[in-house]
Structure formats: structure tokens, C-alpha cells
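First the structure, in the form of C-alpha cells, and then the observations on it.
The values are calculated or read from the model by the stated rules, or taken from the named source; none is laboratory data. It should be emphasised that the depicted structure is a prediction, and the values quoted were computed from it without experimental measurement. Here Cβ is always computed from backbone atoms with ideal geometry, including for glycine, and neighbour counts include all displayed protein chains. These area figures cover heavy atoms from the full protein model, side chains too; ligands, DNA and RNA do not enter into them. Shrake-Rupley method; radii C 1.70, N 1.55, O 1.52, S 1.80 Å.
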Amino acid sequence: MELPDGRVIAGFQSIEHLRMRIAQFPIPADLRGKRVLDIGAWDGWFSFEMERRGAEVMAVDATPHERFRIARELLGSKVEYRVDDVCRLAPDKIGRFDIVLFLGVLYHLKHPMLALERVCELSTEMVCVQSFVSDDGSDLSARPVMEFYETTELCGQFDNWVGPNVACLLAMCRTAGFASVHLESVLDHRAHVTCYRQWPEIGDPREPAPYLTSVENAATHQREFSSDNDDYVTIWFKSPRADLTAGEVCARIGPYGSHPVVLRSTGGDGWHVNCKLPPGLTPGWHQATLRTGNSAWGNRVRIGVDLSAEDRQQPPGRTEASNIRIAVVTDGRTWERNMVHAGINGCISLWVSGLPDGATKAGVAVWLGGHELPAVFLSEADPQGLCQINAMRPSDVQPGDYAVAVGFGDAVSEAVPVKLL
């Protein structure tokens, strides 16, 4: 520790070495207005350094360290100190943080994947991960593997539990729910990885935006998700790109990006991608969208996370009076009125008046019960002023009597009855 009067308290690592460790990460020199969490703070050098840069800081360790308290007093620091286990930390206990430091902790944990998910949930912008690794990271295409140490196999310490190779560490960070993961360096079997919650924005998109046709829970096929479960999101979309790869798909749920797990073509210009529901979403409705390669963001489809009964009101957030009227509802394949059949690619078609001039399908939503369905087709108005709107029937909706409505912007039509067969 370097004290305000210039004195230095020598420690296990020199100040130069500590500065070198933190310099591996792209942390701004000016952190005013930011909130930083230091997990595994130990004596607190990184906590105090973040405070010196202007951040509001909380330091957490699994056991109390008197040296931290002494250093905080000598430095006149206001860093908040908390004794807790990383796997028991949660936003409702300590809030959320712009930046989280997770340095030299992961390999000391019996449950490293759970810990990374907790860390992701607590962060809003960036997490800095430093961990022991079993290789030098020269081959990132290597098979991801992690050694488990039952006793003292690693450096003679019984609290060193795991040793991932670099490929495994990166894969674990992506699986925890981060949008993108960057390997900064590997020094003396210590990997430095920066994990981001958001995708970088594209200043000049040059490709057509994808069009989302459906978003659902990959397990239940519903539009609702639970933060208590390990839920994954399936997004069905159309893109003119015939050569898409998973690495070019950037999904976003609410404010957070999510790394694609699998991408499959559904034929023609159709695709579907699976990604993890990002940790840390607040209860309520969130907009799902994605972009591909160098495209703009696609249209947005609403999904629910930890919904209350009030949240489930249909259609949520739309209360303005509307001139939109539904004239006819049919099955999109048989054209039978006021009924829609089940089956693969089941479709509902509506003929609607009152949409504004210049309306596009990206701005139109069909409400079927509690489901918001994006329009997959919108025609020009016919001589009677009616536009045809098509939307795909959700796979999880059971047969029965429902109400269907059409929304555009903040306007929504009155609901009309329809029977699902």
C-alpha cells in the first residue's frame, strides 16, 4: 500500500506488479459516476485504486481481513466493506455495478459456473476476470477442458479447486450470460478476460436489418421467462443473408446482449437462434431484438420476465384511443373466418382499417390473448381501405376462445373474438 504521505507498506506483491495486473484491463482512468464491485478484495489494493479513480466502491471477501480495515483507515477511504460468499450475492442485497472486478477468485471456487452467473447478474457494463489457467492460450481452438483438484494438487493449496484452460475460461464466461468476451493477455498462467454486457453499436450499418417473426422460451415455448430458471430464448427471424454464422448474430434482451449458442437455417430466408436469457433483468416486459453482421437492429418483440398478474394485462402499455378496426379474422391458410387451426406454420390473418399512411409491418403487433405477435406480412390498403396483416400462431397457445387485437405505436384496436382449434 502507498499511503498519502508517500510511505509504502510492503506486501506479497509490489505496487508495480499490482499496477501491471490492473493495466491488463480497459478500465478508464476516470471513474467518476461509476459504481465498482471488487470481489475477493483481500487487502483492498484494487478497491482503493478504483476509489482513487473516482468510483463508488464496494469490496467483498468471503472472510474478514483486518489488514483491509487498517489500510482503509490509513488511507481515509470510504470503500464499503462486506463479508459474503460470491454465490450468495444478489442485486436485491447489494444493487448493481457498472464494473465488477473478479480477480484471482474463480479457481478457488467449487462452483465456478454458478459464481460467474452471479457476477454477470450484478454487472451492467463490464466484468474483469483474472484466473489461473492450465495453458498459455496460444491455441484458442483447443477443446475447452477444466481440471478438478480434490486436495492439494495445484500449488499445494487445498482451496485451489479448478484449473480451466483458456478456451474453457472463455467458454464459461460466454455461457454465464455475457454478450462478448475478450482475452486481454495470459501472463504466467494467469488469464485476463474482459466480459461485456452489451454489444458495441455500429455507426454506419450497411446490411438490411433482420426481421423477427417470433420469440419464445426454448423449453416451454411460451413468451414468459423466469429469472430463477436457467432459461434460454429462441428467436425466429428472417434475413437476406444466406451465409450467416452464429458469430455474426447479436441478440439483445432488454438492455443486455446475449451470446448465441446455436444458429440454424429454417429454409429460404428463415433462421432461428438460441441464446441465454441475460442475468439481471428486472421483472416486467422487455424488448427482444437482434442484428446480423453489419446490419441495423431488427424489429422488437416483447417478452415477459417474472411477470406479475398486473403485467399480464393484455395488451400492456397501450391505452390510447384508436381508429384501428378489425373487419375480418381468418385462418391464414384455409381462410375460415373467426378460427385458426393449429399445426406447423399456423397463421392468423386479419383485415384491418385505420392504420396510418406509411405504416410498416415492423410497427404492427397482433395481440392474441397475452401474446404479442409481430406482423410477418402487411399489405397495401385495398379500395375499401383494408390492410391484410399476417402473424404466426404461437406454438404454446392451447385451443379455446381468445380475443385478438391489433396495435400500432400507442394505439390499439378493440378486441374481437377468435377460436383456436
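Close amide H contacts of E336 (hydrogens built in the peptide plane, cut-off under 5 Å, sequence separation of 5 or more or a different chain): D331.
Across the chain, the volume of the C-alpha convex hull divided among the residues equals 173 Å³ per residue.
Counted over the chain, the DSSP beta bridges are approximately 75% antiparallel.
Once neighbouring chains are kept in place and the probe is 1.4 Å, which whole percent of the accessible area of the stretch 173-318 is contributed by carbon and sulfur? Carbon-and-sulfur percentage of accessible area, whole number: 47. The value given for the stretch 50-191 is a Kirkwood hydrodynamic radius of 16.4 Å, derived from the mean inverse Cα-Cα separation. So what's the Cα pair-distance distribution over the stretch 52-126, bin width 5 Å, in %? P(r) for the stretch 52-126, in whole percents per bin: 3, 13, 24, 25, 19, 11, 3, 0.
Normalised size of the stretch 113-205, defined as Cα radius of gyration per 2.2 N^0.38 Å with N residues, equals 1.17.
Taking the charge dipole of the stretch 196-245 about its Cα centre, with +1 at Lys and Arg Cβ atoms and -1 at Asp and Glu Cβ atoms, the residue from A242, T213, S226 reaching farthest to the positive side is A242.
Distances between placed amide hydrogens fall under 5 Å for G177 paired with no residue 5 or more residues away or on another chain.
Relative to its Kirkwood radius, the Cα radius of gyration of the stretch 5-131 gives an Rg/Rh of 0.93. Rg over Rh for the stretch 262-416 works out to 0.96, using Cα positions for both radii and the Kirkwood form for Rh.
When only alpha carbons are used to place a centre, the stretch 75-122 and the stretch 1-68 end up 15 Å from one another. The residues of the stretch 23-161 expose, per residue, 49 Å² of accessible area to a 1.4 Å probe. What is the distance in Å between the Cα centres of the stretch 135-164 and the stretch 383-413? When both Cα centres are located, 54 Å separates them.
An ellipsoid equivalent to the stretch 149-192, defined through the eigenvalues of its Cα gyration tensor, has semi-axes of 24, 13, 7 Å when rounded to whole angstrom and sorted largest first.
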